[in-house]
Amino acid sequence: MTKREAIPQTFILDAEAEISIIYEVFPKRIEECHGNHEFDEADEVNRELISFKILLDDGEIDLTSRLTEEEKNKIVQTKLDV
């Protein structure tokens, strides 16, 4: 007689977070010191999660509305390679 057995497996999925990053922008300044150097002193002041999706081979699952505020904050505070 055959039997069925469940074997746990772990899969890594791709996700996409769309985040609005708000900057306080100042006019660029130029200083002369062995040539002209341009300085950009914009400061990030806030981040807001716009959407969070799990990407699949045949589509996506949008989890944005299912996340708590704490989970959204954790996502936007993650160090991102931009």
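Readers should treat all values here as calculations from the given coordinates under stated rules, not as data from a laboratory. Note that the structure is a prediction, hence the values are computed from the model and not measured. Note: ideal-geometry Cβ built from the backbone for every residue, glycine included; neighbour counts use all protein chains shown.
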Run the dipole for the chain about the Cα centre, Lys and Arg Cβ at +1, Asp and Glu Cβ at -1, nothing else charged, and hand back the magnitude in debye, nearest 20. 600 debye
Taking all pairs of different Cα atoms in the chain, averaging 1/r and flipping that mean, what Kirkwood radius in angstroms comes out? 17.1 Å
What ³J(HN,Hα) values, in whole Hz, does the Karplus curve 6.51 cos²θ - 1.76 cosθ + 1.60 give for the stretch 24-41 when θ = phi - 60°, with x put for Gly and Pro? 8, 9, 10, x, 5, 10, 10, 10, 9, 7, 6, x, 8, 10, 9, 10, 10, 10
What 222 nm value per residue comes from the helices of the chain, counting each DSSP H run with n ≥ 4 as -39,500 (n - 2.57) and dividing by all residues, nearest 500 deg cm²/dmol? -2500 deg cm²/dmol
What is the packing order of peptides 4-10, 58-64, 27-33, taking the mean over residues of other C-beta atoms within 10 Å and listing the highest first? 58-64, 27-33, 4-10
Can you put 74, 79 in order, fewest other beta carbons within 10 Å first? 79, 74
